[in-house]
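Take this structure first; my questions come after.
Read-outs: derived from the displayed coordinates by stated rules, not from any lab. Because the structure is a prediction, the values reported are computed rather than measured. Neighbour counts run over all protein chains shown; Cβ positions are idealised from the backbone, glycine included.
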Amino acid sequence: MAEEEAFRRFVAERSAGLLRLAYLLTADRAGAEDLVQNALVKAYLRWRSIESNPEAYVRRVLVTVAADERRRAHRRHETAVEALPETADGADPYAGVDGNVRLRSALAGLPARQRAAVVLRHWVGLEVAEVAELLGCSAGTVRSQTLRGLEKLREAYGVAVEGETRG
């Protein structure tokens, strides 16, 4: 019973932060909600073994599943519809996560690994070693993926990098 209470407390305290991370990884509100729900189900099933550091486990699941979903999405065929369904109140409750369509679009344009590295380093604030562990790669790979991702974001914003000239 104490384990279940600890899990409920974790969900109550960390769901909003995990949802923000998932949203930044997927650039899709519904996908982010599904991603967090699936990650929390996996966490619940392994709670005894991850209770000492559940957030690290859930972050890893979020990053891994988001990358897998992105790869699968390229293989899916979507069907166009005449009209998009409307939301209940017409407002995007997650628009405030970023508030900047241009940045969200630029993030969505990054390859999954670069996006994960940039988001985990600069939005979540993890150290290089922590990101490397989450992504299952070396610290050097995290640094290069972050650098490439930031370069693409700067390019999307038309920001010149030191030593570069723009015409």
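Could you sort the peptides 19-29, 1-11, 149-159, 52-62 by per-residue average Cβ neighbour count (10 Å cutoff), highest mean leading?
Output ranking for 19-29, 1-11, 149-159, 52-62: 19-29, 52-62, 149-159, 1-11.
Here's something else I'd like to know. Kirkwood hydrodynamic radius, computed over distinct alpha-carbon pairs, for the stretch 1-62: how many Å, to one decimal?
Evaluated over the stretch 1-62, this radius sits at 11.6 Å.
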